[in-house]
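K.L.:
Quick one: this structure, given as structure tokens, is what I'll be asking you about.
Readers should treat all values here as calculations from the given coordinates under stated rules, not as data from a laboratory. For clarity, every value in this text was computed on a predicted model and none was experimentally measured. Cβ sites come from the backbone with ideal geometry, for glycine too, and all protein chains shown count toward neighbours.
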Amino acid sequence: MEGFLPMSRASFVLDFIALAMAAVIPMMLVSLYKVRKRKNHQLHKRIQVLLGVVLGLVILVFELDMRLYGWRQYAEVSPYYETLVIPSLIFHLFFAIPTLFLWAYTIVMALRHRIDAETGKYRFRHKFFGWLSACAMIGTTLSGWLFFWLAFMA
């Protein structure tokens, strides 16, 4: 199944994920802004849970696409296939795998324990893991785009 981005050799799923990540980061940052500056905890919660569910589904579709169709045949044409593609994939996985667990942990713990803005119970732990998850997601996105460009666009 061919992709839809101009000059991309990737599958439709890989193109879609590369493009969708351009929306995830701003949504995540809006969510953080809403809770930090506007104290809108409900909107923050809704956005984060929605992002968590959507990204979980995207990961599932991505894994199915990789198992059914793979990716190497699309990347072999890249001038960087023999040199930078695999190192950039490893670099991306260095962010992507921990991000999955960090974000899941942060969301599950927030839903399990009511985060009390008044007493601060669980708040500091949630804030720490939330910022760690956000930084990891940004790293995942940027390293994913680097891998995508090296493997499927160059």
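K.L.:
Considering every pair of different Cα atoms, what Kirkwood radius, in Å, is found for segment 12-153?
P.N.:
On the way: mean 1/r = 0.0612 Å⁻¹.
Taking every pair of different Cα atoms in segment 12-153, averaging 1/r and inverting gives 16.3 Å.
K.L.:
Fewest first, what order do Leu50, Leu100 take by the number of other Cβ atoms within 10 Å? Spell out each step's value before the answer.
P.N.:
Values: Leu50 12, Leu100 17.
In order of increasing Cβ crowding within 10 Å: Leu50, Leu100.
K.L.:
If you keep only loop residues by DSSP, which GluC sites (Glu not before Pro) in segment 73-154 have at most 11 other Cβ atoms within 10 Å of their Cβ? Walk me through the intermediate numbers first.
P.N.:
Working: sites: Glu76, Glu82, Glu118; in loops: Glu76, Glu82, Glu118.
Qualifying residues, ordered by number: Glu82, Glu118.
K.L.:
Related question: For segment 48-139, state which trypsin sites (Lys or Arg not before Pro) are in a DSSP loop and have at most 16 other beta carbons lying within 10 Å of their beta carbon.
P.N.:
Values: sites: Arg67, Arg72, Arg112, Arg114, Lys121, Arg123, Arg125, Lys127; in loops: Arg114, Lys121.
Here the trypsin sites (Lys or Arg not before Pro) that fit, given the DSSP loop and packing criteria, are Arg114, Lys121.
K.L.:
Within a 10 angstrom radius of the beta carbon, how do Met137, Met109, Met21 rank from fewest other beta carbons to most? Don't skip to the end; give the middle numbers.
P.N.:
Numbers: Met137 22, Met109 15, Met21 19.
Taking fewest neighbouring Cβ atoms as first place, the list is Met109, Met21, Met137.
K.L.:
Specify the residue with the greatest mean-square fluctuation among Ala104, Ala23, Ala75, computed from a Gaussian network of the chain linking alpha-carbon atoms under 10 Å apart.
P.N.:
Checking each option, the largest mean-square fluctuation is seen for Ala23.
K.L.:
Please express the shape of segment 75-154 as an equivalent ellipsoid: the semi-axes are the square roots of 5 times the eigenvalues of the C-alpha gyration tensor, given largest first in whole angstrom. Can you show the working numbers first?
P.N.:
Working: eigenvalues 271, 16, 12 Å².
Three semi-axes, in Å: 37, 9, 8.
K.L.:
What list do you get for Ile138, Ile97, Ile107 if you sort them by fewest beta carbons within 10 Å? Let's see the in-between values first.
P.N.:
Numbers: Ile138 17, Ile97 12, Ile107 21.
Listed from fewest to most nearby Cβ atoms, that is Ile97, Ile138, Ile107.
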